[in-house]
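Working notes, beginning with the structure itself.
The values are calculated or read from the model by the stated rules, or taken from the named source; none is laboratory data. Since we're looking at a predicted model, the values are computed, not measured. Glycine also receives a Cβ, built like all others from the backbone with ideal geometry; neighbour counts cover every protein chain displayed. In case anyone asks, the SASA skips ligands and DNA or RNA and just uses the protein heavy atoms, side chains included. Shrake-Rupley method; radii C 1.70, N 1.55, O 1.52, S 1.80 Å.
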Amino acid sequence: MKKSTRLFLKPKSKRSFRRRLPPIQPGDRIDYKNMSLITRFISEQGKILSRRVNRLTLKQQRLITIAIKQARILSLLPFLNNEKRFEKKRESTTRTTRLKTKTPRTTGLKIKKKKQ
């Protein structure tokens, strides 16, 4: 006879978890003009977030992607959001660099002068 290994294990506890609400309500219209909806699915860098992160269905993700691309073409949304990068570059360009003057290079060979 086999002894059950369940005797030593704790019984599975039924954890209650709160089900997350879908990000797009049934009444929401997925359109390039609906900027409040579209901006929720774009990262800080301006990239389209993946379907796993958004918790969207395949059809909803396709419609969101098309709407974002249309909004970008119509310049309602930027293609990239590089504000932080530009700030860092501005700071680095404000520093003054010392001008280097060219010095003549020596080859390392010493020329011996003949005594006369």
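Can you pull out the residues in segment 52-61 that are free of Cβ contacts under 8 Å to residues at least 12 places away in the same chain and out of contact with any helix residue (DSSP H, G or I) (no Cβ under 9 Å at 6 or more places or on another chain)?
Initially, segment 52-61 is screened for residues free of Cβ contacts under 8 Å to residues at least 12 places away in the same chain, giving 52-53, 57-59, 61.
Passing the criteria: Arg52, Lys59.
Which count do you get for residues in segment 35-48 that are open to solvent by 40 Å² or more (accessible area, probe 1.4 Å) and not small (Gly, Ala, Ser)? Even if it seems obvious, please write down each step before you answer.
Taking segment 35-48 and keeping what is open to solvent by 40 Å² or more (accessible area, probe 1.4 Å), we get 35-36, 39-40, 44-45, 47-48.
Within this subset, residues satisfying the condition of being not small (Gly, Ala, Ser) are 35, 39-40, 44-45, 47-48.
Residues flagged as open to solvent by 40 Å² or more (accessible area, probe 1.4 Å) and not small (Gly, Ala, Ser) within segment 35-48 amount to 7.
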Legend entry - Filtered residues of segment 51-70 (kept if at pLDDT below 95 and among the hydroxyl-bearing types (Ser, Thr, Tyr)): Thr57
